[in-house]
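Remarks on the structure that follows.
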Amino acid sequence: MYALLSLPLIYFIIFRYGPMYGVQIAFKDFNLFQGIGGSEWIGFDAFREVFNMREFYTSLRNTFMLNFLDLVVSFPAPIILAIMLYEIKSAWFKKISQTILYIPHFISWVIIGGIVYQLFGNQSGMINEVLQGLGLNPIPFLTEKGPWLVTYLFTGVWQSAGWGTILYLAALTGVNRELFEAAEVDGATRMKKIWYITLPSIKPTIVTLLILNLGKMVSIGFDRPYVIGNTAVREYSDVLSTFVYRIGLESGQYTLATVVGLFQAVVGLVFILGSNYISKKMTGNGII
């Protein structure tokens with residue numbers, strides 16, 4: 001057991017705790033040739049520079065906005081899907097449905113981005129070609145902020161909802177079937193059984209995943225906004241991860257990129273501790 005435990009411990013030490021040594025870059029005028037140790041200390045000068053950049057606040061706003069909308073749209077989707085799958089009586093149909101729902105999770109965002117452009121492109125997109133064939137005006141799915149936002153959100157739901165059902169289905173397998181039988185004897189409808197038995201049974205799982213998602217409100221993946229975004233909708237698609245890519249890798253300002261990364265980590269910690277505290281006070285459930 002200790003040997004098995006050592007594997008994840010080694011992983012966390014090397015890839016999680018080891019890189020923390022580089023956090024000091026945020027407080028140094030980092031020079032690639034002098035290295036971390038040889039670079040000059042500048043204190044909080046880099047923080048002041050980042051916090052005076054308009055692009056930083058735009059990307060921070062977009063990160064919060066997209067994560068919040070993702071939470072509203074994407075978080076309930078796997079819960080609803082899991083309940084629907086749980087209610088299916090046919091075992092073979094349930095297995096086929098689960099396989100189809102899991103597949104998008106294993107497709108890279110680069111490929112998904114290509115599919116999105118093939119479907120929703122302004123001129124060559126399949127949907128707009130059909131609309132134009134019917135005599136209707138094309139919809140600018142990828143070049144106007146409103147339609148782009150809807151496309152971004154529902155692409156995320158399609159990619160993640162199926163895989164997200166796994167934890168909820170695992171929680172539902174532990175529900176005592178006698179509760180449903182007793183409710184049926186008492187004349188409960190299917191919706192009432194879902195509301196009073198199924199949902200309360202997975203409540204701890206929902207609360208735990210909600211707390212973890214709230215902790216990620218200030219962090220966002222790079223692939224999805226970068227692949228689906230473009231210059232026409234940069235006011236919405238530019239997030240902290242793409243901002244770090246631009247100032248860090250494209251411009252070579254590693255100190256500023258590290259400042260933004262450290263900011264994300266600290267604010268994320270505050271969010272997860274705060275949401276955990278509120279959850280404990282309101283529901284008695286927490287993860288810490």
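Out of the residues in the range 28-74 that are under 28 Å from the mean Cα position of the chain (by Cα) and among the basic types (Lys, Arg), state the one that is farthest from ALA161 (Cα to Cα). Out of the qualifying residues, it is ARG54. Consider the range 72-98 and keep the residues that are hydroxyl-bearing (Ser, Thr, Tyr) and under 26 Å from VAL150 (Cα atoms). The one that is surrounded by the fewest Cβ atoms within 10 Å (Cβ to Cβ) is SER97.
Restricting the search to helices (runs of 4 or more DSSP H) fully inside the range 185-281 and requiring at least 1 residues that are of a type in the set (A, V, I, L, M) and open to solvent by 20 Å² or more (accessible area, probe 1.4 Å) gives 190-193, 203-215, 223-228, 240-244. Remark: pairs (first residue in the range 2-31, of a type in the set (Lys, Arg); second residue outside any helix (DSSP H, G or I); Cβ separation under 8 Å; 6+ apart in sequence or on different chains) = LYS28/SER39; LYS28/GLU40; LYS28/TRP41; LYS28/ILE42.
The helices (runs of 4 or more DSSP H) located wholly in the range 1-114 that include 2 or more residues which are of a type in the set (Val, Ile, Thr) occupy 54-74, 76-87, 91-102.
The values are calculated or read from the model by the stated rules, or taken from the named source; none is laboratory data. As the structure is a computational prediction, the values presented were derived from the model and not from experiment. Every residue, glycine among them, receives a Cβ derived from its backbone with ideal geometry; neighbour counts consider all protein chains shown. Accessible surface areas use protein heavy atoms only, side chains included; no ligands, DNA or RNA. Shrake-Rupley method; radii C 1.70, N 1.55, O 1.52, S 1.80 Å.
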